[in-house]
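Below: one structure, written as structure tokens.
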Amino acid sequence: MTVLLEKRRLIVSPGLAPAQLREQDKFGRPQHADVDLTIGLVNNMPDAALQATERQFMRLLRQAAGDIRIDFHCFSLPSVHRSQTAKWRVDRQYTDIADLGRLHIDGLIVTGAEPIAATLPEEPFWEDLTDIVDWAEGNTRSTIWSCLAAHAAVLHLDGIERHRLDTKCSGIYDCAKVGDSWLMENVPSPLKIAHSRLNGLRADDLAARGYQLLTQSVDAGVDIFAKALRSRFIFFQGHPEYDALSLEREYLRDICRFLAGERDTFPAVPAGYFDAGTEERLAGFQRRASAERRPALSIELPERTLRQDIAAGSAATAIFRNWLGYLSRGARTAWPRTDRGTRR
């Protein structure tokens, strides 16, 4: 597989509407004659997960692509707050979001972001993210919406509100196939998928508004669902892209936040993730941390061993292979597309 990482010339405007370009800045279809698909990743994950998210999705594309050659672009919404270091990385290595409409993207992947507001419409990135929803619906063959981005998309499209969970949904869950789709061909059932979220969508709300449920967990609820618009929209409440250590990194981050007084409660151990011995040691550490709450205690975390059956990423390869196959079947007939811009 060929993955061509492109850093296009920056456009002054950070919005989705195209800025006026000089002649030497203009480009259309990727200049590489051997490119089969152009894939975009709108990476809105927090700074600590920015590079890991790039690696995870690139790994998936490599594993799933076979002989398909991909022109891969990373984008980030300008309204997502970044540290200076992360902003420097985005400015130097990401394609400007203003170029999105001129790259003739076949498939788009849009990640979630770390929420900072009480409701999604209050988030500083809400308007930019809903612009992406409108643009993708008319200008991609298919778009994948992950976690918070999935919640934002269904709220914008159909007014479906997510609800706050009693406790964080975190762990590796068995998800069974509940609907037939080209996306789920040759995907085993049940499949193990990582979830990490504080909010959820109800299956009845989605079904009532025409969404097709594809996988679901007894414990985690809705996993993957879809809706056929002008673009095939696919929604992940979980994180099939996560590598084996992703949940551990998030769990340790939350422990450090508790020890630093940045959160009120000690985080629950991710379900179905650590082996029994590790869970016992972590329970002992939790008792100690609750009694001796101080940041320095983080260096005394016990050794941790993952369960042998978490199968991180194995189902995701099959899912992404089907997604790339779907994009490939329509790529030649679908391009060139008319750039419809964004809807307001």
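The values are calculated or read from the model by the stated rules, or taken from the named source; none is laboratory data. Please read all numbers here as calculations on a predicted model, not as lab measurements. We place every Cβ from the backbone using ideal geometry, glycine too, and count neighbours over all the protein chains shown. To get the accessible areas, we keep the full protein, side chains included, count just its heavy atoms, and leave off ligands, DNA and RNA. Shrake-Rupley method; radii C 1.70, N 1.55, O 1.52, S 1.80 Å.
The distance between label points at residue 219 and residue 114 comes to 2.6 nm (points 7 Å beyond Cα on the Cα→Cβ vector).
For a distance above 29 Å, tell me the whole-number percent of Cα pairs in the stretch 59-207 that qualify.
Values: 2698 of 11026 pairs.
The calculated P(r) of the stretch 59-207 puts 24 percent of pairs beyond 29 Å.
Report the local net charge at residue 222: Lys and Arg +1, Asp and Glu -1, summed over other residues whose C-beta lies under 15 Å from its C-beta. Spell out each step's value before the answer.
Values: positive: 162, 177, 197, 202, 209, 227; negative: 158, 161, 174, 204, 205, 219, 223.
Combined, the nearby Lys, Arg, Asp and Glu give -1.
Considering only beta bridges that DSSP places wholly inside the chain, some 50 percent are antiparallel.
If you only keep lysine pairs separated by 8 or more in sequence, or across chains, how many in the chain come under 20 Å at the Cα atoms? Don't skip to the end; give the middle numbers.
Details: 7/26; 7/87; 168/192; 177/192; 177/227.
For the chain, qualifying lysine pairs total 5.
With all protein chains kept in place, the per residue accessible area of the chain amounts to 46 square angstrom at a probe of 1.4 angstrom. Other residues whose C-beta falls under 10 angstrom from the C-beta of residue 157 contribute a net charge of -1, scoring Lys and Arg +1 and Asp and Glu -1. Calculated on the Cα set of the stretch 87-130, radius of gyration then Dmax: 12.9, 35 Å.
In order along the stretch 163-177, the Karplus-derived 3J(HN,Hα) couplings, from 6.51 cos²θ - 1.76 cosθ + 1.60 at θ = phi - 60°, round to 10, 6, 7, 5, 9, 4, 8, 9, x, 9, 10, 6, 10, 9, 5 Hz, and Gly and Pro are given as x.
For residue 142, the residues whose modelled amide H falls within less than 5 Å of its own, excluding neighbours fewer than 5 places apart on the same chain, are 108, 232.
For the chain, give the magnitude of the charge dipole about the Cα centre (Cβ charges: +1 Lys/Arg, -1 Asp/Glu; no others), in debye to the nearest 20.
Numbers: 45 positive and 46 negative charges, 130 e Å.
Dipole magnitude for the chain comes out near 620 debye.
Here the label points at residue 288 and residue 83, each 7 Å from Cα along the C-beta direction, are separated by 2.7 nm in the simple model.
Largest first and in whole Å, give the semi-axes of the chain's equivalent ellipsoid, each being the square root of 5 times a Cα gyration tensor eigenvalue. Please list the in-between numbers first.
Details: eigenvalues 234, 107, 77 Å².
Over the Cα atoms of the chain, the semi-axes work out to 34, 23, 20 Å.
Placing pseudo-labels 7 Å out from each Cα toward the beta carbon at residue 296 and residue 314 gives an inter-label distance of 4.4 nm.
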